[in-house]
1. Restricting to the range 415-430, name every residue that is surrounded by 23 or more Cβ atoms within 10 Å (Cβ to Cβ) and assigned to a loop (DSSP other than H, G, I, E, B).
2. So Pro193 clears everything in (1) open to solvent by 70 Å² or more (accessible area, probe 1.4 Å); (2) assigned to a helix (DSSP H, G or I) except one condition, right? Which one?
3. In the range 126-144, how many residues are open to solvent by less than 50 Å² (accessible area, probe 1.4 Å) and hydroxyl-bearing (Ser, Thr, Tyr)?
4. When both residues are 6+ apart or on different chains and their Cβ atoms are under 9 Å apart, which pairs have a first residue that lies in the range 72-97 and is closer than 30 Å to Phe179 by Cβ, and a second that is among the hydroxyl-bearing types (Ser, Thr, Tyr) and at pLDDT below 75?
5. Ala345 - would you say it is touching a Pro at 6+ places or on another chain (Cβ under 7 Å) and touching a residue at least 60 places away in the same chain (Cβ under 8 Å)?
6. Look through the range 308-354, keep the residues that are of a type in the set (Lys, Arg) and more than 30 Å from Arg270 (Cβ to Cβ), and return whichever of them is surrounded by the fewest Cβ atoms within 10 Å (Cβ to Cβ).
7. I need a count of the residues in the range 355-383 that are open to solvent by 20 Å² or more (accessible area, probe 1.4 Å), assigned to a loop (DSSP other than H, G, I, E, B) and either touching a helix residue (DSSP H, G or I) at 6+ places or on another chain (Cβ under 8 Å) or closer than 24 Å to Tyr339 by Cα (or both).
8. Just a yes or no: is a residue in the range 396-409 under 20 Å from Tyr369 (Cβ atoms) and in contact (Cβ under 8 Å) with a residue 40 or more places away in the chain?
Amino acid sequence: MRSLTSIALVALAASAAPRTSCAQSASPAARSGAGGSVAAGPIGAYDVVPELPGMGRPVDIAATTARRRALLQRIGRGTVLIPAAHERNIEQDYVQDNDFRQNNTFYYFTELETQDAWLFLTARGDTVETVLFLPPRMPAQERWTGLRLGADSVGVRLSGIGTVLPIDSLDGRLRRVRFAALRGMPVYVPLDPSTREESRISDLAFAGGDVRNLLPIVDSMRAVKDADEIARLRRAVNISVAGHIAAMRAARPGMYEYELEAALEDGFRRNGADRLGYPSIVGSGPNSTTLHYDVNRRRTENGDLVVIDAAAEWGQYTADVTRTFPINGRFTSRQKAIYDLVLGAQQAAFDSVRPGITMGQLDAIARRYMREHSGALCGEKTCDDREYFNHGLGHPIGMDVHDVGFGRPLEPGMVITLEPGIYLQSEKLGVRIEDDVLVTARGGEWLSDGAPRTTDAIERLMSRR
């Protein structure tokens, strides 16, 4: 049997190498050719910046600067205050990866994995100001926590923000902001459950000034991904594909679901995943019909179908990929018929992806295909019935696996999933196929088709285990 590293890297056989920003200086994604030779190197490799905390991933300064500029243009006049996330409590929060993940809004405008910081933006007509406030470095504490970014020339250089100040100077600035808010200068803050606990934000909110929620504006910006975001999503997708292929190659009747999970997530980690995008779903036999089953404890049996819905996060962006395959490597005629119907519905939706269409319309197209082609496969009802296809067709992805932008018409630069499914509980037979799709001016681009999608392709891959 080939090593899991080589197994995982086969994933990119059909994937294009992602473009990377000038600041990422990333290694090329490993790919295999038709002959099966594999280039060395994990998909998610990049040149680590040792002075940066967290993953040490370089900031795309051009991208973050453009996002901040676009935000200030949208608000026109006002002050923006965005807090970074805090360290999670490993004694209370049941952390499964690491004890810090950055707040999405702060990350979007800085790409910094630094804790307890604040981003301060002000727009007054033609005058704009950007300030990053950072907590003091504490060398003795860094022996426990790892390196932190400081309010110094290194922080300026690595963040691309010209003014970096110590956090103890923030309160003086906020007093001026509070006074300006009372005189009609709006203050924008991200109001969500985490930021509402910030005393500085609650003080502003209760001071009686013009305090507005920043999130609707930022969410409207985040729905359409820029080049840096798309590059990160491509990496996350390619790593996810590698994990799915590793799981298919490892599959044997009698394995426990958690053994497949181990092979899958080994493929993620060996290829540079930062963390899981969400808890991995590995459902075999009867568990294949439960949408969000993630206990992963059943022992597989010969003849089972396995549904794996799992993905990796890279650079704070996550993929969302699902594959269904037979544990023994061969579909039965019944399994193949259901699978091909789901695949046809997905293809019909993909063929209709274009700017201006909505996810609701794509959902209707997939269901119509399923209804017109199901025949008697699902008995007296057609297979698009809510009893069998009991979820929506897809959703946007990005920094969250269910990302912002749901409900709005598609635009070039949006990234969505297409994930039809049929679940026949009485037969212990579930099939879901989920792929990530980039919306382009011409239609759609498959991002995750490096993982085999057809029954023939899956069987060929699994026959070479």
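The values are calculated or read from the model by the stated rules, or taken from the named source; none is laboratory data. Fair warning: this is a prediction, and the values are worked out from it, not measured in the lab. Don't worry about glycine lacking a Cβ; one is built from the backbone with ideal geometry, like all the others, and counts go over all protein chains shown. SASA here: full protein model, heavy atoms, side chains in, ligands and nucleic acids out. Shrake-Rupley method; radii C 1.70, N 1.55, O 1.52, S 1.80 Å.
1. Answer for the range 415-430, where residues must be surrounded by 23 or more Cβ atoms within 10 Å (Cβ to Cβ) and assigned to a loop (DSSP other than H, G, I, E, B): Glu419, Pro420.
2. (2)
3. Step one: of the range 126-144, the residues open to solvent by less than 50 Å² (accessible area, probe 1.4 Å) are 130-135, 142.
Narrowing the set further to residues that are hydroxyl-bearing (Ser, Thr, Tyr) leaves 130.
The number of residues fulfilling the criteria is 1.
4. Once the first residue is closer than 30 Å to Phe179 by Cβ and sits in the range 72-97, its partners that are among the hydroxyl-bearing types (Ser, Thr, Tyr) and at pLDDT below 75 give Ile82/Thr195; Pro83/Ser194; Pro83/Thr195; Ala85/Ser194; His86/Ser194.
5. Details: touching a Pro at 6+ places or on another chain (Cβ under 7 Å): yes; touching a residue at least 60 places away in the same chain (Cβ under 8 Å): yes.
For Ala345, the condition - touching a Pro at 6+ places or on another chain (Cβ under 7 Å) and touching a residue at least 60 places away in the same chain (Cβ under 8 Å) - is met.
6. Restricting attention to the range 308-354, the residues satisfying the condition of being of a type in the set (Lys, Arg) are 323, 330, 334, 336, 354.
Next cut, more than 30 Å from Arg270 (Cβ to Cβ) only: 334, 336, 354.
Details: Arg334: 12, Lys336: 18, Arg354: 16.
By that ranking, first place goes to Arg334.
7. 7
8. Here is the first cut: in the range 396-409, the ones under 20 Å from Tyr369 (Cβ atoms) are none.
There is no residue in the range 396-409 that is under 20 Å from Tyr369 (Cβ atoms) and in contact (Cβ under 8 Å) with a residue 40 or more places away in the chain.
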